[in-house]
Structure formats: C-alpha cells, structure tokens
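Here, each number is a calculation from the coordinates, and none is a lab measurement. This one's a predicted model, so the numbers in the text were calculated from it and none came from an experiment. Here the Cβ positions follow ideal geometry from the backbone for every residue, glycine too, while neighbour counts run over all protein chains shown.
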Amino acid sequence: MTAILSVAILSGCANFGQQEVTVDESSETTEIIPEETGRQITQRDSDDTPVANDPYYAPVEPSKAAVPVQITGSLFNDSTSTDLYSYAPKFQVGDIINVVLEEESVATKSASTNLSNDNTYNLDPIKIPGGNLTVNDKEVELGVSQDQTFGGESGSSQSHSLSAKMTVSVIEVLNNGNLLVRGEKWLLINNGKEYIRLTGIIRPRDVTEDNSVDSYQVADSRIEFSATGEHAEMQTRGWLSSLFSGSLWPI
C-alpha cells in the first residue's frame with residue numbers, strides 16, 4: 001500500500017506600493033525647507049492678512065541627539081573652549097536671543113520742474129510786380145504765435161520710529177559661524193492685534209553678556225511691524241477710492 005502524503009503549500013504575495021503625496025498647487029506656501037530636526041518651516045508668498053502661529057516664524061526645536069565630539073587626543077577642544085578675556089558664546093539651533101529694536105529714520109524728497117516754450121512766426125505780405133499779393137482785396141500775410149508753459153512740483157517726507165524688545169530663535173548656524181535668526185511677537189490690544197516680525201543674520205560676538213543684540217547689528221534684517229483688525233482696516237482705502245487716486249485714473 002502506497003501511502004501518499006500530500007502537502008499543500010500556501011504562498012502569498014504582498015505588494016508594497018509607494019505612498020502618493022498630493023500637493024495642492026493653490027496653497028499659499030511655496031517653499032518648504034526641511035530641517036535636521038524633522039520640522040518643516042514653510043514660507044508664505046502671499047500678501048494676505050498675516051495670522052499668528054505662522055509655521056515660517058515658529059521656533060525650531062533643537063535636536064535631541066548629542067553632537068559627537070571629535071577626539072583629537074588633546075586636552076584643548078576649540079568647539080567647547082571659552083575665551084577668558086572676551087565673551088564669545090557658542091549658539092546652537094533652537095537657542096533664543098533678545099533683540100532690542102531701536103529704529104529711526106527720516107527721509108525728505110522734493111522736486112520742481114518748470115518748462116516754457118515760445119514760438120513766433122510772421123509772414124510779411126508777398127510782393128509781386130505791381131504791388132502786394134491780394135486775395136479778395138486783402139493782402140496775403142500770416143502771423144503765428146504759440147506759448148507753452150508747464151510747471152510741476154512734488155514733495156514727500158517720511159519719518160518713523162520703533163522702540164521695542166523681542167526674542168528670536170536661531171534657525172541655522174552658517175558655515176562662518178554667523179546665526180540665521182527669525183521670530184515674531186503678537187500683542188492683542190482691544191479689537192486689533194499688533195505684531196512684530198524679524199529675520200536676519202547675527203554675529204555671535206555682537207551678542208552681549210545679557211544675551212541681547214541691537215537691531216542695527218542684525219545684517220540683512222527684515223523688520224515688519226503692523227497690525228490687524230478694525231483699526232488697520234480703517235487706514236486702508238477702499239477699492240473705489242483707490243481707483244480714483246491711482247495711476248490708471250486719467251485725471
């Protein structure tokens with residue numbers, strides 16, 4: 001008797017597909033900058049009314065992983081050393097720095113233009129044998145005079161002053177040691193919100209011992225101080241008023 005042993009082998013196959021990521025082209029965010037910490041900082045390119053908690057100005061969380069120390073065999077390590085005679089702190093991504101905003105500027109411009117043009121042309125009576133040329137018993141002569149005068153004046157004067165304090169976060173430590181910083185500050189006052197935003201580059205040696213730096217020492221700075229709400233809307237022209245006072249209006 002022949003024993004027949006049947007063994008059924010069940011095999012299965014699994015398909016691993018790639019996850020499809022859909023990007024909405026109508027979104028206001030156009031630039032996504034990945035950070036080492038996994039956080040994505042998104043920069044808005046829209047001029048719409050700003051809102052609080054914009055991811056672009058969100059503080060960066062420092063990395064949890066410790067930075068490996070390069071072993072050189074020497075007791076001296078330049079990355080952890082401290083100068084005894086000068087204050088030169090070592091900043092990392094996620095550290096905060098106090099910025100003292102003291103901005104003041106005055107600009108005045110004036111222009112004046114005067115143009116004048118005078119043209120005069122006279123044609124004496126045309127002489128022919130026997131007298132002057134006449135048409136309908138009137139001598140042919142011509143006199144033309146033209147005067148043009150244009151005058152224009154313009155003047156503008158602007159002045160602003162800003163005094164405030166805020167903190168910014170270190171977004172990136174550049175190769176030369178300079179710090180790319182960015183931050184914002186929102187204040188709710190009555191029916192409107194006021195905000196201050198700042199981005200720029202700071203030299204570590206410009207930071208004082210109390211961890212502060214003046215705004216004029218921030219290179220390539222972008223300082224934005226404005227407000228939202230009813231008071232801000234009252235200072236904005238309507239579309240009809242903008243049309244009548246714009247450059248497209250012929251008058």
Next item on the list: First select every other residue whose beta carbon is under 10 angstrom from the beta carbon of residue 222; then total the charges, Lys and Arg +1, Asp and Glu -1.
Entry: 0
Item checked: Most to least packed among 212-222, 192-202 [average Cβ atoms within 10 Å] -> 192-202, 212-222
Checklist line | Sum of side-chain charges, residue 196 neighbourhood, beta-carbon under 9 Å (Lys, Arg +1; Asp, Glu -1) | finding: -1
